[in-house]
1. Is there a quick way to get the dipole size of region 75-115? I mean about its Cα centre, with the Cβ of Lys and Arg at +1 and of Asp and Glu at -1; what is the value in debye to the nearest 20?
2. Over all distinct alpha-carbon pairs, what is the Kirkwood Rh of region 30-87 in angstrom?
3. Roughly speaking, to the nearest percent, how much of region 142-254's 1.4 Å accessible area is carbon and sulfur?
4. Post the alpha-carbon centroid distance, region 234-254 to region 193-227, in whole angstrom.
5. How much net charge surrounds LEU89 when only other residues with a Cβ under 15 Å from its Cβ are counted (Lys, Arg +1; Asp, Glu -1)?
6. About the Cα centre, and with charges only on the beta carbon of Lys, Arg (+1) and Asp, Glu (-1), how big is the dipole of the chain? Nearest 20 debye, please.
7. With a sphere of radius 13 Å drawn around the Cβ of TYR169, what net charge do the other residues whose Cβ falls strictly inside it have (Lys, Arg +1; Asp, Glu -1)?
8. Suppose we look only past 35 Å in the calculated P(r) of the chain. What percent of the Cα-Cα pairs does that tail hold?
Amino acid sequence: MPRKKIVAGNWKMNLDRAKARELAGAVAARSGEAAGVELVLCPPALYLDAVGAALAAAKSNVGLGGQNMHDKASGAFTGEVAPPMLLDLGCTYVILGHSERRTLFGETDAIVNAKTKAALAAGLTPIVCVGETLEEREGGRTDAVVTTQVRGSLAGLSPADLEKVVIAYEPVWAIGTGKVATPQQAQEVHALIRSLLGSLASSEVAGKIRIQYGGSVKPDNAADLASQPDIDGALVGGASLKADDFLGIAKAFR
Ligand code: PEP
């Protein structure tokens, strides 16, 4: 069975509640333009409720996701969001280990691994982000860095759990820079990740796992990325803040 393409919007710390509702409503109303592609919106945690309500009101099947979470279900963790809270608000996805979390908030592979396990245990689908910096790429260390991140972030997962995970390959040098990886550069790393997943589980399981590309994806570069055999969708930052651009990207993956 072909892998269902998945395009997710990471709104990061942008918009206000009214604008979040409006954008969700616009994407939901026009989601049919990208029929067959799974769409997911990841608004700021405080707006999950409002965005979930807007998606429900539009009777759309656009999914809802968190941008981060804690690995514990409850407790004395001031300011944090627990997996059951995301579920409670209607989330089915959660982005984990985004490069901004890794570099600005000190998230290690071990932390991402604990969160990935917690998400799966709670019934959320984790979108696990990996990717090299420019310095690492220029130093010829891309494969080693991505291999370490994938192995570390997914350590100890059963093949059945691995199958549920979505991976986002996001070269750090391409995030928010307007400098997109070439389709060939992206495909090479996606193929590496898939073969790594094969060694962690089996080639059958690896063949089912969806691997998104992220990093300056725009409507005008999405089709070339989508044409690559191991690119199963996109994780979109900046361009996800405009319904036209987000849907333009999603359409390229039909
Ligand atoms: C991201 O932050 O996940 C991302 C891919 O951002 P952008 O699309 O803006 O590069």
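1. Once rounded to the nearest 20, the dipole reads 60 debye.
2. Result for region 30-87 stands at 12.8 Å.
3. In region 142-254, the share of accessible area belonging to carbon and sulfur is 51 percent.
4. 17
5. On the way: positive: ARG17, ARG21; negative: ASP49, GLU80, ASP88.
So the surrounding residues net to -1.
6. With Lys and Arg at +1 and Asp and Glu at -1, about 500 debye.
7. Numbers: positive: ARG137, ARG194, ARG210; negative: GLU132, ASP143, GLU170, GLU188, ASP230, ASP232.
Summing Lys/Arg as +1 and Asp/Glu as -1 gives -3.
8. 7
The values are calculated or read from the model by the stated rules, or taken from the named source; none is laboratory data. In this text, all values refer to a predicted model and were calculated from it rather than measured experimentally. Note that we place each Cβ from the backbone using ideal geometry, even for glycine, and neighbour counts take in every protein chain shown. When the accessible area is computed, the model is the full protein with side chains, heavy atoms only, and any ligands, DNA or RNA have been set aside. Shrake-Rupley method; radii C 1.70, N 1.55, O 1.52, S 1.80 Å.
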